[in-house]
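Read-outs: derived from the displayed coordinates by stated rules, not from any lab. Computed from a predicted model, the values in this text were never measured in an experiment. A quick note on method: Cβ atoms are made from the backbone with ideal geometry, for glycine too, and the neighbour counts reach across all protein chains shown.
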Amino acid sequence: MPSTFQQNPRTAGRIIGGTAFVVVPPNHMYSLNDTGTFVWTLADKPVTVDTVASALARRFKVDATSARTDAETFLGRLCAMGFLVATGDA
């Protein structure tokens with residue numbers, strides 16, 4: 001799995017009322033839940049899986065192992081959907 005991610009430069013996003021709204025090419029708009037908005041905000045610059053996992057563990061009061069597993073899964077999904085791009089490999 002790649003180790004570093006950031007917002008896809010081909011997307012457009014804005015946070016309104018605490019919710020991220022993101023337009024992913026070709027022209028699909030999504031609203032993200034609290035966790036998605038949190039991760040989207042973290043990825044406004046390159047961010048590592050470890051950084052995301054640590055931030056999730058602190059914010060949602062979960063153990064580090066669960067946070068790491070969830071971060072890997074969620075980052076992978078956001079990349080597959082075009083929200084994020086991988087910028088570095090482990």
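Could you check region 11-28 and list, in sequence order, the residues that are within 13 Å of Thr41 (Cα to Cα) and not in a strand (DSSP E or B)? Within region 11-28, Gly18 is the sole residue that qualifies. Consider region 33-76 and keep the residues that are without any contact (Cβ under 8 Å) to a residue 12 or more places away in the chain and part of a helix (DSSP H, G or I). The one that is nearest to Ser3 (Cα to Cα) is Thr51. Summed over region 77-90, residues that are in contact (Cβ under 8 Å) with a residue 12 or more places away in the chain and outside any loop (DSSP other than H, G, I, E, B) total 8. Assessment of region 17-28 against the conditions (surrounded by 15 or more Cβ atoms within 10 Å (Cβ to Cβ) and out of contact with any strand residue (DSSP E or B) (no Cβ under 7 Å at 6 or more places or on another chain)) yields no matching residue.
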